[in-house]
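Here is the structure we will look at, set down as structure tokens.
Nothing in this text is a laboratory measurement; each read-out follows from the coordinates by a stated rule. None of the values given here were measured: they were computed from a predicted structure. FYI the Cβ positions are ideal-geometry reconstructions off the backbone, even for glycines, and counts take in every protein chain you see.
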Amino acid sequence: MGLGGGSGGGTILGAGNSFTGAAKAIEVYGDFAVAYSGVVSADNTETTLIESTTGNFLFVGTWLPQYMVASQSGDDYRFVVYLNNSIVASVIMASAADRDAFYLQANLIIPAYTQVKITAQNTSDTSANDVGGILTGRIYRS
């Protein structure tokens, strides 16, 4: 529940739009939208980090893959962005050496009422490591 006792729908920014933790869904805060997957354990099976459908707005923002392994792992991870089940972006994060590589981010423009799914998959072997994703941006309503 938000600070002002409401759920955030139509309230003043800050009064009802409290961050409640990592989630797969895209959350709207005034004119901004965000999805933080949090830490997700992903192995060689394509694992969903973020999955949501946009509302009545245009999303303009950035997607950033996260490799959250504390120790050096030799595993490579493939991160994929789907819009309406079509691959629109993909990147291979080459082992934990790239885990702080902000150059792997992608700029995205996502139309209204679009299904968004972001996945991760270990492409080196079957081991599971902690990964995640951050999707942040500005929304525009007509």
How big is the charge dipole of region 27-140 about its Cα centre, in debye rounded to the nearest 20, if each Lys and Arg gets +1 on its Cβ and each Asp and Glu gets -1 on its Cβ? 340
In 5 Å bins starting at 0, how do the alpha-carbon pair distances of region 27-140 split up by percent? 2, 13, 24, 24, 17, 11, 6, 2, 0
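Multiply the residue separation of Met68 and Asn107 by 0.36 nm, subtract the distance between their alpha-carbon atoms, and state the gained length in nm to one decimal. Can you show the working numbers first?
Numbers: separation 39, 0.36 × 39 = 14.04 nm, distance 2.13 nm.
Fully extending the segment from Met68 to Asn107 adds 11.9 nm.
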